[in-house]
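The structure under discussion appears below in the form of structure tokens.
The values are calculated or read from the model by the stated rules, or taken from the named source; none is laboratory data. Because the structure is predicted, anything quoted here is derived from the model rather than measured. Please note: Cβ atoms are built from the backbone with ideal geometry, for glycine as well, and neighbour counts cover all protein chains shown.
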């Protein structure tokens, strides 16, 4: 079963390869991911509201204009679920949203969750995303690390910042933290508030949906 994962920013070949290897590792048995880049001219980071809108437009364009009949589903490789609602109406394949699946699962369990993000723009957009899904009443807020886009691939630095935030979140009464970047490996030491890899959790939820026959158009591919 093939899934298209579309990056939210224009990345270089080394970063595209890193993301592909991550999906190769996380993919459920029998699933194959094809990670696709945004075209030249698309934003290379999500630092402003304008970047967010351009990213969403570019991702939707890629999804609509390079459809593959053998593809079972499309998934934006971003916790902001750019274009998920629009694509759900416009493409024949299933559309998998990382936050719709991961945060939706936590909300179904009644878990109060927060998010750790790279910058404030992403934090605000994440909150807007959970509001669109009707689960903001369980959202405990965002913890912003103020890191650069280059730091996404710096697993050591990213997880050091995450570990520092965990103690603060625990004192705030947060039950679970979502690592607010779909492309980062979560390696922070256990203890305190659990930190969830949203991509890994989303794929587990989607896999269960396929196994239970709830995503029929995916299961047939």
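Numbers at a glance
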| item | result |
| --- | --- |
| Restricting segment 40-66 to residues that are part of a loop (DSSP other than H, G, I, E, B) and touching a residue at least 40 places away in the same chain (Cβ under 8 Å), the residue that is surrounded by the most Cβ atoms within 10 Å (Cβ to Cβ) | 46 |
| Selected residue (only one of 130, 79 is surrounded by 14 or more Cβ atoms within 10 Å (Cβ to Cβ), at pLDDT 95 or above, in the same structural domain as residue 6 (by TED's automatic domain parsing) and not in a strand (DSSP E or B)) | 79 |
| Conditions (1) part of a helix (DSSP H, G or I); (2) at pLDDT below 95; (3) more than 17 Å from residue 11 (Cα to Cα); number of the one not met by residue 69 | (1) |
| Residue check, residue 85 out of contact with any helix residue (DSSP H, G or I) (no Cβ under 6 Å at 6 or more places or on another chain), in the same structural domain as residue 59 (by TED's automatic domain parsing) and not in a loop (DSSP other than H, G, I, E, B) | yes |
| Some residue of segment 158-165 being assigned to a loop (DSSP other than H, G, I, E, B), surrounded by fewer than 21 Cβ atoms within 10 Å (Cβ to Cβ), touching a residue at least 12 places away in the same chain (Cβ under 8 Å) and touching a helix residue (DSSP H, G or I) at 6+ places or on another chain (Cβ under 9 Å) | no |
| Conditions (1) in contact (Cβ under 8 Å) with a residue 40 or more places away in the chain; (2) farther than 22 Å from residue 208 by Cβ; number of the one not met by residue 26 | (2) |
| Scope segment 166-185; condition buried (at least 17 other Cβ atoms within 10 Å of the Cβ), out of contact with any helix residue (DSSP H, G or I) (no Cβ under 7 Å at 6 or more places or on another chain) and not in a helix (DSSP H, G or I); matching residues | 174, 175 |
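A quick yes/no check of all residues on (1) out of contact with any helix residue (DSSP H, G or I) (no Cβ under 6 Å at 6 or more places or on another chain); (2) surrounded by 14 or more Cβ atoms within 10 Å (Cβ to Cβ); (3) assigned to a helix (DSSP H, G or I):
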position: 11; (1), (2), (3): yes, yes, no
position: 30; (1), (2), (3): yes, no, no
position: 33; (1), (2), (3): no, yes, no
position: 38; (1), (2), (3): no, yes, no
